[in-house]
1. Show me 58-71, 39-52 ranked by packing, highest mean number of other Cβ atoms within 10 Å first.
2. Let me make sure I get this right: for the stretch 81-194, a, b and c are the square roots of the gyration tensor eigenvalues over alpha carbons, sorted descending. Under 1.5 in a/c it's rounded, otherwise prolate if a/b > b/c, else oblate. Which is it?
3. Could you give the distance between the Cα centres of the stretch 10-39 and the stretch 86-159, to the whole Å?
4. Taking the 0 to 90 degree range and rounding to the nearest ten, how far is the long axis of helix 26-36 tilted relative to the main principal axis of the chain, both from C-alpha atoms?
5. Taking R0 as 41 Å, what FRET efficiency do you get between Asp28 and Leu187 from their Cβ-Cβ distance, rounded to the nearest 0.05?
6. Take the solvent-accessible surface of the protein heavy atoms, probe 1.4 Å, and return the percent of it on the chain that carbon and sulfur atoms account for.
7. Report, in debye and to the nearest 20, how large the dipole of the stretch 98-194 comes out about its Cα centre when Lys and Arg carry +1 and Asp and Glu carry -1 on their Cβ.
8. Could you give P(r) for the stretch 68-139, binned at 5 Å from zero, as whole percent values over all Cα-Cα pairs?
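The values are calculated or read from the model by the stated rules, or taken from the named source; none is laboratory data. Just so we're clear, the structure is a prediction, and the values are computed from it rather than from any experiment. A quick note on method: Cβ atoms are made from the backbone with ideal geometry, for glycine too, and the neighbour counts reach across all protein chains shown. SASA here: full protein model, heavy atoms, side chains in, ligands and nucleic acids out. Shrake-Rupley method; radii C 1.70, N 1.55, O 1.52, S 1.80 Å.
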Amino acid sequence: TLFARLRQEFGPQVHLLHDVHHRLTPIDAARLGKELEPYHLFWMEDPVPAELQEGFRLIRRHTTTPLAVGEVFNSLYDCTTLFTEQLIDYIRASVVHAGGLTHLRKIAHMADVYHVRTGCHGATDLSPVCMAAALHFDVSIHNFGIQELMPHAPETDAVFPHAYSFEAGFMQPGEVPGLGVDIDEDLAAKHPYE
């Protein structure tokens, strides 16, 4: 399998994360999680649609592969059952979807009580402002797990000059006051929304 080859090629030190994109039924996700156990994944993300959270009970009963979900969650109430029943290992909420920094901290604090770590969503559909906010959030909580980063295009980085950086597998929020992100309005005007 792909994961066997990756472990053979890169050894146990490399974190392997698999995003299933909500495509499986609970029993299929449970089977996949069980089959992936020998490869010690960091997590299996979004194995089933998060709206039907009862499915995570079945998955959890059959696999020890860590589970991650929540990049589209909007509130603490979206994840309460997943936390209290310890059905997931990582909560993937983002600053912009989950009500800003204050509400995201509430989610993280509740998650911490149930041994759930964070893994904030960090796709390119979220701006550099959101990434900077996520990094400041990450360093402010006890149960930080990992920060997703999909680098923005050079054009986006030019419009939003920022202090955060990525180097040697680690992100740093930077030393600039506030979130450390600015906007070049003149450059932004050259890229009108269509």
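1. 58-71, 39-52
2. Working: a/c = 2.36, a/b = 2.00, b/c = 1.18.
Taking the square roots of the gyration eigenvalues as a ≥ b ≥ c, the stretch 81-194 is prolate.
3. Their Cα centres are 22 Å away from one another.
4. 90 degrees
5. Numbers: r = 47 Å, r/R0 = 1.14.
The value I calculate is 0.30.
6. 56 percent
7. 560 debye
8. Reading upward from the zero bin: 4, 20, 33, 25, 13, 5, 1.
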